[in-house]
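Comments concern the structure below.
The values are calculated or read from the model by the stated rules, or taken from the named source; none is laboratory data. All values reported here derive from a predicted model rather than from experimental measurement. In this analysis, Cβ positions are derived from the backbone assuming ideal geometry, glycine residues included, and neighbour counts consider all displayed protein chains. Remember, those area values only see protein heavy atoms, side chains included, never the ligands or the DNA or RNA. Shrake-Rupley method; radii C 1.70, N 1.55, O 1.52, S 1.80 Å.
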Amino acid sequence: MNHWRGARFIPSQNSSASGGRRRRRKKERCQSESKTQEKEVEEKEEGLGKERKETVPIVSCQTMCPAQELWDRESQNRLHRFEMVPGTEKFRKPRGDPLRTVKEYSRPAAGKDVTKPSDLRPPDVLLKTVCYLIDEIAGSPSLHPWTEVYSFVFDRLRSVKQDMIIQRLSGKDCVAILERTVRFHIYASYRLCGEPLRIYDPRINDTHLQEYLSWLFDCYKSGSGPYPNQVEFQTLGLLYNLGSSRATQHVLELPERLRQTASVKLAEAINQAFLAGNPIRLLRLAQRLDFLQACALHRHLVTCRRHLLLIYSHGYNSRNCRFPLDRLAQLLSLETSLTAELCQVYGIEVNQHNQVLFSKSTFTEPEQGELDCKLYHNMVSEKQRGLTVKSIIHNCP
């Protein structure tokens with residue numbers, strides 16, 4: 001017979017009391033240690049905060065590129081062709097033009113003093129630098145190819161960002177720089193779409209664009225304002241991040257005066273159509289967007305059109321069903337010839353009478369590289385008529 005079955009251990013009063021005292025002492029000791037650690041952390045944070053406030057660097061560089069960097073890069077033959085004195089490009093060591101040379105981005109190195117006053121540009125010089133990059137480089141009709149233009153501007157904007165972070169720049173100067181930078185990256189995401197990865201990587205552009213957008217929204221939230229372009233960028237942020245729960249939540253938390261503006265309401269409607277899986281409504285609403293808004297949206301168009309064709313391949317899956325090609329072109333916001341090409345890419349038959357024969361069994365996904373996104377940009381490109389790169393990025397007629 002098993003005498004342990006159902007048996008319980010009942011501690012004596014003395015052992016229970018002594019155990020309780022030990023637990024209380026241990027709890028008090030832990031609480032005391034916790035309070036001490038919290039106090040130490042608070043003191044450290046306060047010290048760091050004071051140190052940061054006290055060590056905001058003094059800036060004295062009044063040119064787009066520090067004099068020492070210009071000399072170094074000239075002697076090391078590291079000048080970009082956009083920065084050389086005209087006529088010296090073929091010299092063994094081309095000369096740098098102080099009016100065209102822009103501080104390049106360099107990764108922070110151990111032991112390197114990044115707060116040297118002569119290397120840091122004040123807010124007005126940083127804004128002037130950004131405007132130069134837009135007006136004379138990105139917006140120049142004579143500089144080609146634009147992939148090289150993008151690479152140069154991208155790098156020099158990173159150096160501007162670096163100076164801003166070191167100075168802890170905020171307020172209207174910071175907003176003015178960030179707004180132009182965000183417009184540049186959104187425009188570039190459209191213009192360079194489909195370029196080889198060795199020339200342009202959309203993921204890298206996206207990473208930096210998201211960082212700039214987040215920083216800009218923080219400035220709007222923490223600054224005193226007013227910020228006249230806030231509605232524009234809240235709209236662009238949602239259109240670019242269509243379907244994102246974070247972007248959707250951000251817009252829902254905006255003040256009512258911003259949410260009730262026409263462009264934000266339109267962006268919300270497009271986002272709702274995307275989340276509801278309604279590509280026809282999305283494409284119809286997208287017709288009302290301006291050019292830069294369409295640039296922000298354009299990266300979702302391939303997915304949207306694919307979804308529409310997939311729905312129709314199931315909904316009109318019948319041997320005797322014939323769908324008019326021109327009607328499908330209207331729904332896709334494409335030209336008739338491009339609609340026929342897109343159908344073929346997805347394995348959808350178009351007969352000699354310009355009729356579409358949808359079939360769920362023949363619908364196929366295109367192989368990598370088979371779908372050239374640039375061919376289907378007409379909905380965006382049509383909106384650019386009369387607009388220059390300068391006017392797009394500066395947001396002026």
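Among residues belonging to region 366-397 that are among the charged types (D, E, K, R) and either part of a helix (DSSP H, G or I) or free of Cβ contacts under 8 Å to residues at least 40 places away in the same chain (or both), point out the one that is most open to solvent (accessible area, probe 1.4 Å).
Taking the candidates together, the pick is Arg385.
List, please: which pairs have Cβ atoms under 6 Å, are six or more places apart or on different chains, and start with a residue in region 55-82 that is at pLDDT 95 or above and open to solvent by less than 40 Å² (accessible area, probe 1.4 Å) and end with one that is of a type in the set (Ser, Thr, Tyr) and in a loop (DSSP other than H, G, I, E, B)?
Cys65/Thr101; Leu70/Thr101
Of the residues in region 255-268, how many are open to solvent by 20 Å² or more (accessible area, probe 1.4 Å) and not polar (S, T, N, Q)?
7
Any idea which of (1) farther than 24 Å from Met164 by Cβ; (2) open to solvent by 60 Å² or more (accessible area, probe 1.4 Å); (3) of a type outside the set (A, V, I, L, M, F, W, C); (4) at pLDDT 95 or above is the one Arg198 doesn't satisfy?
(4)
Do any helices (runs of 4 or more DSSP H) entirely within region 147-261 hold 3 or more residues that are touching a helix residue (DSSP H, G or I) at 6+ places or on another chain (Cβ under 7 Å), and if so, which?
Once the helices (runs of 4 or more DSSP H) in region 147-261 are filtered for at least 3 residues that are touching a helix residue (DSSP H, G or I) at 6+ places or on another chain (Cβ under 7 Å), what remains is 171-191, 202-222, 230-240, 245-252.
Can you tell me which of (1) open to solvent by 10 Å² or more (accessible area, probe 1.4 Å); (2) in contact with a Lys or Arg (Cβ under 8 Å, 6 or more places away or on another chain) is the one Val251 doesn't meet?
Val251 satisfies every listed condition except (1).
Given the conditions (1) touching a residue at least 60 places away in the same chain (Cβ under 8 Å); (2) of a type outside the set (Phe, Trp, Tyr); (3) on the phi > 0 side of the Ramachandran plot, report the number of the one that Ser189 does not fulfil.
Just one mismatch for Ser189, condition (3).
If you check every pair at least six apart or on different chains, which have Cβ atoms under 7 Å apart with a residue in region 316-327 that is within 13 Å of Ile348 (Cα to Cα) and free of Cβ contacts under 8 Å to residues at least 60 places away in the same chain first and a residue that is part of a loop (DSSP other than H, G, I, E, B) and open to solvent by 60 Å² or more (accessible area, probe 1.4 Å) second?
Qualifying pairs under 7 Å: Asn317/Lys360; Phe323/Tyr316; Leu325/Asn354.
Of the residues Lys128, Lys161, Lys116, which single one is of a type outside the set (A, V, I, L, M), open to solvent by 20 Å² or more (accessible area, probe 1.4 Å), over 30 Å from Pro196 (Cα atoms) and free of Cβ contacts under 8 Å to residues at least 60 places away in the same chain?
Matching residue, one of Lys128, Lys161, Lys116: Lys116.
Could you check region 85-115 and list, in sequence order, the residues that are within 22 Å of Ala138 (Cα to Cα) and under 31 Å from the mean Cα position of the chain (by Cα)?
Within region 85-115, Leu99, Arg100, Thr101, Val102, Lys103, Glu104, Tyr105, Ser106 qualify.
Tally the residues that are farther than 17 Å from Glu382 by Cβ and touching a residue at least 60 places away in the same chain (Cβ under 8 Å), restricting the search to region 268-315.
The total comes to 2.
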